[in-house]
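Shown next, in structure tokens, is the structure this report addresses.
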Amino acid sequence: MALVKEKWKDKRVVVTGGAGFIGSVLVWELNRRGCSQVVIADSPADREKSANLIGLCYTGIIEPAELLGRLSSGSTGKLDCIFHLGACSSTTETNEKYLRENNYEYSRDLAEWALGAGVRFVYASSAATYGDGSAGMDDSDPRQLERLRPLNLYGQSKQWMDLHAWREGWLDRIVGLKYFNVFGPN
């Protein structure tokens, strides 16, 4: 346990979506491992999100729309890792332009910045990219990504990022997490 804590003790981390359901638990776990230099990129305007942050250690909260500008200007200081969990997660969202900008283009731009700056990048993809499962659920061969057929625009927006990462040759330098149904308190 001490080795794990030492690994994170002096790390500087950004967690997008850090006030949300999964992001706040990640911030909690980072704190548990000794990491308190966490910048949260989120909009905790509602009480539910604000409640997720009670008792957590972090250095600040910034609006997601400000993050790339701050990273580019260097005002966030040196970073070790970006956990990009912030996105529209509504599987019933029908605004393709919004999902393209929010879930794909923002993720792509953040990954490009991280790779250029030598910062570890971990992002939330989704099991929704697998669609009905008829094309399989195995990502060990990245060419499999092209065969997947998401059933909704949300899944498609995550698929765009996965495909972009593959086509750009990023898959050996970044991590995409594919969540299945996640539920529970905080």
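The values are calculated or read from the model by the stated rules, or taken from the named source; none is laboratory data. Everything quoted here is computed from the prediction, not taken from an experiment. Note that each Cβ is placed from the backbone with ideal geometry, even for glycine, and that neighbours are counted across all protein chains shown. For accessibility, only protein heavy atoms count, side chains too; no ligands or nucleic acids. Shrake-Rupley method; radii C 1.70, N 1.55, O 1.52, S 1.80 Å.
Relative to the first principal axis of the alpha-carbon coordinates of the chain, what is the inclination of helix 64-73, with its axis defined by its Cα atoms, in degrees from 0 to 90 and to the nearest 10?
Roughly 70 degrees, rounded to the nearest 10.
Quick one: helix 106-117 against the long Cα principal axis of the chain, what's the angle to the nearest 10°, folded into 0 to 90?
Long axis of 106-117 versus the principal axis of the chain: about 60 degrees.
Let's test the formula: R0 of 35 Å, r as the Cβ-Cβ distance of S50 and R167. What FRET efficiency results, to the nearest 0.05? Don't jump to the answer; show the numbers that get you there.
On the way: r = 39 Å, r/R0 = 1.11.
Calculated transfer efficiency: 0.35.
Which cross-chain or sequence-distant (5 or more) residues have an amide H under 5 Å from the amide H of F121, H modelled 1.01 Å from N in plane?
Amide H neighbours of F121, under 5 Å, 5+ apart: I82, V175.
Per residue, how much accessible surface does the chain expose to a 1.4 Å probe? Answer in Å², no decimals.
Counting only protein heavy atoms, the per-residue value for the chain is 54 Å².
Mind ranking 114-124, 72-82 by how tightly packed they are, going by the mean number of other C-beta atoms within 10 angstrom, highest first?
Highest to lowest by the protection proxy: 114-124, 72-82.
If I fit a long axis through the Cα atoms of helix 153-167 and take the longest principal axis of the Cα atoms of the chain, what angle between them do I get, 0 to 90°, rounded to 10?
So the helix axis and the longest Cα principal axis differ by about 80 degrees.
Hey, how many Å between the Cα centroid of region 54-115 and the Cα centroid of region 117-186?
What the calculation gives is 17 Å, centre to centre.
In whole Å, what three semi-axes, largest first, describe the equivalent ellipsoid of region 55-110 built from its Cα gyration tensor (square root of 5 times each eigenvalue)?
Ellipsoid half-lengths, sorted descending, are 24, 15, 9 Å.
Mind ranking 168-175, 7-14 by how tightly packed they are, going by the mean number of other C-beta atoms within 10 angstrom, highest first?
Peptide ranking by packing, descending: 7-14, 168-175.
Return the ratio Rg/(2.2 N^0.38 Å) for region 86-186, where Rg is computed over Cα atoms only.
Values: Rg = 13.3 Å, N = 101, 2.2 N^0.38 = 12.7 Å.
Dividing the Cα Rg of region 86-186 by 2.2 N^0.38 Å gives 1.04.
Each label point is 7 Å from the Cα along the Cα-to-Cβ direction; what then is the distance between the points at S43 and D10, in nm?
About 3.8 nm separates the two model spin labels.
In percent, how large is the relative contact order of region 1-94, given Cα pairs closer than 8 Å and 6 or more residues apart?
Numbers: 150 pairs, mean separation 33.8, N = 94.
Relative CO of region 1-94 lands at 36 percent.
Using a Cα-Cα cut-off of under 15 Å, which aspartates and glutamates could be cross-linked to K11, ignoring same-chain neighbours fewer than 8 residues away?
Here the aspartates and glutamates satisfying the reach criterion relative to K11 are E29, D80.
Run the accessible area of the chain with a 1.4 Å probe and give the carbon-and-sulfur part as a rounded percent.
Within the chain, the accessible surface is 52 percent carbon and sulfur.
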